Amino acid sequence: MATHTPQLHAVDAPGEQITAEAQRAADDARLGWERFQELIEQDKRVEPRDWMPNNYRKTLVRQVSQHAHSEIIGMQPEGNWITRAPSLKRKAVLMAKVQDEAGHGLYLYSAAETLGTSRDQMYQQLYTGQAKYSSIFNYPARTWADIGAIGWLVDGAAITNQVPLCRASYGPYGRAMVRICKEESFHQRQGWEILYTLSHGTEEQKQMAQNAVDRFYGPALQMFGPPDDESPNSQQSMAWKIKRFSNDDLRQRFVDMIVPQAEALGLTLPDPDLKWNQKRGHYDYGDLDWEEFFSVVKGTGPLSHQRLAHYRAARDDGAWVREAAAAYAAKQAEADRGSALLRA
Ligand code: FAQ
């Protein structure tokens, strides 16, 4: 396994005295390390109370908090369509979906907190623009068909990526993913159903559906991250069994899944190089625009500025609610202390 062995000796320089305390700390670290290796090798869960290498903790906080931020920012493109959904039923379904995404963000922030990073720190990183979130949410949702494309392609890519994460070696993350995936599969179906209805409607509706798929196909494939030879984190994350498959493997799995689905929808995927490769047993697909991807990740996507500005405004507008809730909780705690004293 490509992990670094921690310093296991209390003494670096020859002849230096070992204090009992330093020796105990070194023994604890060695035992913790051995136990961690054993958990990973035996495919068991690492729990918050377990010793873990610092870099394992760091990479989890990075991935889980980015994932949480994606769910929160990801509410914006669809939230924007709640007031314009074409029927009461569509509005109710979309509202439920957007609320689900908020819930996913909360499970994930809770999972990240168990690694010792506070929720406020994570919120602050998103607020100041230091934190990353998924590139896909920097693209606009221009028409109602885009809501279908987001459900079918974006949630579809999310599930493909996230089902293996249910087996992530870190317990709280894996367990959060189980709940999230159940809800995501409903999301994908609702997107599919929107597109199916449009693609079997008038010629104009079918065009709208095709146009949405044309715009979301490439960015959805990029959700899996850069190609394997440009992915600095994948190897180590796979060795630690956080990620189970590489970015390109998951991307291929997704392409193989959506080609027959697009045929059933009666829509075309916008890639002239897409064809079945009998030898590989997979669909070949054309190059993606990686220059655009890296530029979107750096914060210059079509709506990057607007997404962050909207998040900041919502957070600022909600400050009084947080203050009132904190004041109420403090008052309640004081009253509880008072009644405990009276009872004593
Ligand atoms: N966008 O070395 P790798 C959803 C960054 S949730 C932006 O390959 P890793 C539900 C990456 O962070 C969608 N940045 O990194 C929904 C790293 O930067 P860093 C979110 C990206 O971590 C639906 C650098 O590039 N899902 O859609 C992206 O091994 C509808 C190098 O990359 C998750 O977060 C990207 N697409 O693999 C909600 C799933 N890709 O941190 C609302 C969990 C890469 O070194 C509506 N996350 N980067 O500065 C993962 O599986 C992984 O973190 C990957 C990236 C696969 C995203």
Counted residues in segment 158-177 being within 11 Å of the chain's Cα centre (by Cα) and closer than 30 Å to residue 268 by Cβ come to 4
From the list 202, 268, 197, which residue is more than 20 Å from the chain's Cα centre (by Cα), within 21 Å of residue 139 (Cα to Cα), of a type in the set (Val, Ile, Thr) and surrounded by fewer than 19 Cβ atoms within 10 Å (Cβ to Cβ)?
-> 268
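Would you check if residue 216 is more than 9 Å from the ligand (Cβ to nearest atom) and open to solvent by less than 20 Å² (accessible area, probe 1.4 Å)? Spell out how you get there, then give the answer.
On the way: more than 9 Å from the ligand (Cβ to nearest atom): yes; open to solvent by less than 20 Å² (accessible area, probe 1.4 Å): yes.
The answer is yes for residue 216.
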Among the residues of segment 42-71, which ones are touching a helix residue (DSSP H, G or I) at 6+ places or on another chain (Cβ under 9 Å), open to solvent by 30 Å² or more (accessible area, probe 1.4 Å) and in a helix (DSSP H, G or I)?
-> 55, 63
Could you tell me whether segment 94-101 includes any residue that is assigned to a helix (DSSP H, G or I) and touching a Lys or Arg at 6+ places or on another chain (Cβ under 9 Å)?
-> no
Picking from 279, 298, which residue would you name as being more than 25 Å from the chain's Cα centre (by Cα) and either among the hydroxyl-bearing types (Ser, Thr, Tyr) or more than 19 Å from residue 153 (Cα to Cα) (or both)?
-> 279
Here are some residues: 168, 131. Which one is within 16 Å of the ligand (Cβ to nearest atom), farther than 18 Å from residue 98 by Cβ and open to solvent by 10 Å² or more (accessible area, probe 1.4 Å)?
-> 131
Looking at segment 176-195, which of its residues are in contact (Cβ under 8 Å) with a residue 12 or more places away in the chain and more than 13 Å from residue 152 (Cα to Cα)?
-> 176, 177, 178, 179, 180, 181, 183
Residues in segment 98-122 that are touching a residue at least 60 places away in the same chain (Cβ under 8 Å) and out of contact with any helix residue (DSSP H, G or I) (no Cβ under 7 Å at 6 or more places or on another chain): how many?
-> 2
Answer residue from segment 134-157, given it is open to solvent by less than 20 Å² (accessible area, probe 1.4 Å) and β-branched (Val, Ile, Thr) and is farthest from the chain's Cα centre (by Cα) among those = 147
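Quick check on residue 198: is it touching a residue at least 60 places away in the same chain (Cβ under 8 Å) and under 18 Å from residue 150 (Cα atoms)? Explain how you work it out, then say what you get.
Values: touching a residue at least 60 places away in the same chain (Cβ under 8 Å): no; under 18 Å from residue 150 (Cα atoms): yes.
Against the criterion (touching a residue at least 60 places away in the same chain (Cβ under 8 Å) and under 18 Å from residue 150 (Cα atoms)), residue 198 does not qualify.
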All conditions in (1) within 9 Å of the ligand (Cβ to nearest atom); (2) over 16 Å from the mean Cα position of the chain (by Cα); (3) open to solvent by less than 20 Å² (accessible area, probe 1.4 Å) are true of residue 224 except (2)
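Does residue 283 satisfy the condition of being open to solvent by less than 80 Å² (accessible area, probe 1.4 Å), assigned to a helix (DSSP H, G or I), hydroxyl-bearing (Ser, Thr, Tyr) and out of contact with any Ser or Thr (no Cβ under 9 Å at 6 or more places or on another chain)?
no
What residue, among those in segment 236-259 that are near the ligand (Cβ under 9 Å from one of its atoms), assigned to a helix (DSSP H, G or I) and open to solvent by 20 Å² or more (accessible area, probe 1.4 Å), is nearest to residue 151 (Cα to Cα)?
Looking at residues that are near the ligand (Cβ under 9 Å from one of its atoms), assigned to a helix (DSSP H, G or I) and open to solvent by 20 Å² or more (accessible area, probe 1.4 Å), I get 238.
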Does residue 301 meet the test of being touching a helix residue (DSSP H, G or I) at 6+ places or on another chain (Cβ under 6 Å), open to solvent by less than 30 Å² (accessible area, probe 1.4 Å) and small (Gly, Ala, Ser)?
-> yes
Collect the residues in segment 74-122 that are away from the ligand (no atom under 16 Å from the Cβ) and hydrophobic (A, V, I, L, M, F, W, C), keeping them in residue-number order.
-> 88, 92
For residue 309, are the conditions met, namely being closer than 18 Å to residue 133 by Cα, away from the ligand (no atom under 16 Å from the Cβ) and not aromatic (Phe, Trp, Tyr)?
-> yes
Matching residues, segment 41-56, being without any contact (Cβ under 8 Å) to a residue 24 or more places away in the chain and acidic (Asp, Glu) = 50
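The values are calculated or read from the model by the stated rules, or taken from the named source; none is laboratory data. A quick note: this is a predicted structure, and the numbers were derived from the prediction, not measured. Quick reminder, even Gly has a Cβ in these numbers, built from the backbone with ideal geometry, and neighbours come from all protein chains shown. The area values use the complete protein model at the heavy-atom level, side chains included, leaving out ligands, DNA and RNA. Shrake-Rupley method; radii C 1.70, N 1.55, O 1.52, S 1.80 Å.
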